[in-house]
Amino acid sequence: FLFVCVFFFLRIRRPPRSTLFPYTTLFRSQMFLFSPAPAELLTISSPVEAAGGYVTTGAVFGAAVPIAPAGVAGSIIIASDGTGSPTLACSALTNGGAVTGNIALIDRGSCNFTVKVKNAQNAGAVAVVMVNNVAGDPITMGGTDPSVTIPSVMVSMSDGEIIRNALSPVGALSNPEV
């Protein structure tokens, strides 16, 4: 009698023969990646051609952008690593004297975000504004490097060009949310 009951139980729970991987529909694994919503974390005060708030996304590494009224402020300096594509900042920055105490403007591409931000940090930057290399909205910068301690944000390609073409832009990063 026990054999018949066990056999009957197994027959009922057996998946259809058309299923390639039995019982895969019984268990479902799902992963969610929560990215911070874009926000106006970058404000440029001068010159007039670039003044205003810019929609940015943050990074999953480094410091968070400080909550307003605190913030990180300074001139926005185009990073240069002295290579054939100097604004990518994939190598140590050669304009550290200009970057020190200021916000580095870096182009996306060629190496990890953490490498770029770390190179700016090592040159003395207080924050990084990353310019997207494709049209459209900025993305959340991924990566892991616990030694990165400065905040970084990304702006769209079009906003990055406005900032880059401005003469000595002065900006600040602050998070308006409480």
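Residues in segment 62-72: is at least one more than 19 Å from LEU42 (Cα to Cα) and surrounded by fewer than 16 Cβ atoms within 10 Å (Cβ to Cβ)?
No, because not a single residue in segment 62-72 is more than 19 Å from LEU42 (Cα to Cα) and surrounded by fewer than 16 Cβ atoms within 10 Å (Cβ to Cβ).
Restricting the first residue to segment 50-74 and requiring it to be free of Cβ contacts under 8 Å to residues at least 24 places away in the same chain, which pairs with a second residue that is polar (S, T, N, Q) and surrounded by 15 or more Cβ atoms within 10 Å (Cβ to Cβ) meet a Cβ separation below 9 Å and a spacing of at least six or different chains?
Final answer for the pair search is ALA51/THR43; GLY52/THR43; GLY53/THR43.
If you take the residues of segment 131-160 that are touching a residue at least 24 places away in the same chain (Cβ under 8 Å) and of a type in the set (Gly, Ala, Ser), which of them is surrounded by the most Cβ atoms within 10 Å (Cβ to Cβ)?
For segment 131-160, the residue satisfying everything is SER152.
Output yes when any residue across segment 79-90 is in contact (Cβ under 8 Å) with a residue 40 or more places away in the chain, outside any strand (DSSP E or B) and small (Gly, Ala, Ser), and no when none is.
Checked segment 79-90: at least one residue is in contact (Cβ under 8 Å) with a residue 40 or more places away in the chain, outside any strand (DSSP E or B) and small (Gly, Ala, Ser).
Of the numbered conditions (1) among the small types (Gly, Ala, Ser); (2) part of a helix (DSSP H, G or I); (3) modelled with pLDDT under 95, SER158 satisfies every one except a single condition; which is it?
Unmet condition: (3).
Condition check: open to solvent by less than 20 Å² (accessible area, probe 1.4 Å), free of Cβ contacts under 8 Å to residues at least 40 places away in the same chain and in contact with a helix residue (DSSP H, G or I) (Cβ under 9 Å, 6 or more places away or on another chain). Does ALA104 satisfy that?
The answer is yes for ALA104.
Scan segment 115-130 and give yes if some residue there is touching a residue at least 24 places away in the same chain (Cβ under 8 Å), assigned to a loop (DSSP other than H, G, I, E, B) and surrounded by fewer than 16 Cβ atoms within 10 Å (Cβ to Cβ), otherwise no.
Looking for residues that are touching a residue at least 24 places away in the same chain (Cβ under 8 Å), assigned to a loop (DSSP other than H, G, I, E, B) and surrounded by fewer than 16 Cβ atoms within 10 Å (Cβ to Cβ), one finds none in segment 115-130, hence no.
Return the residue satisfying two criteria in turn: it lies in segment 18-52 and is open to solvent by 40 Å² or more (accessible area, probe 1.4 Å) and not in a loop (DSSP other than H, G, I, E, B), and of such residues it is modelled with the lowest pLDDT.
Checked segment 18-52; the qualifying residue modelled with the lowest pLDDT is GLU40.
I need a count of the residues in segment 64-103 that are modelled with pLDDT of 95 or more, within 16 Å of the chain's Cα centre (by Cα) and among the small types (Gly, Ala, Ser).
Total meeting the criteria: 1.
The values are calculated or read from the model by the stated rules, or taken from the named source; none is laboratory data. Since the model is a prediction, treat every value here as computed from it, not as a measurement. So basically every Cβ, Gly included, is an ideal-geometry build from the backbone, and we count neighbours across all protein chains shown. Side chains are part of the model used for accessible areas, which takes the heavy atoms of the whole protein and leaves out ligands, DNA and RNA. Shrake-Rupley method; radii C 1.70, N 1.55, O 1.52, S 1.80 Å.
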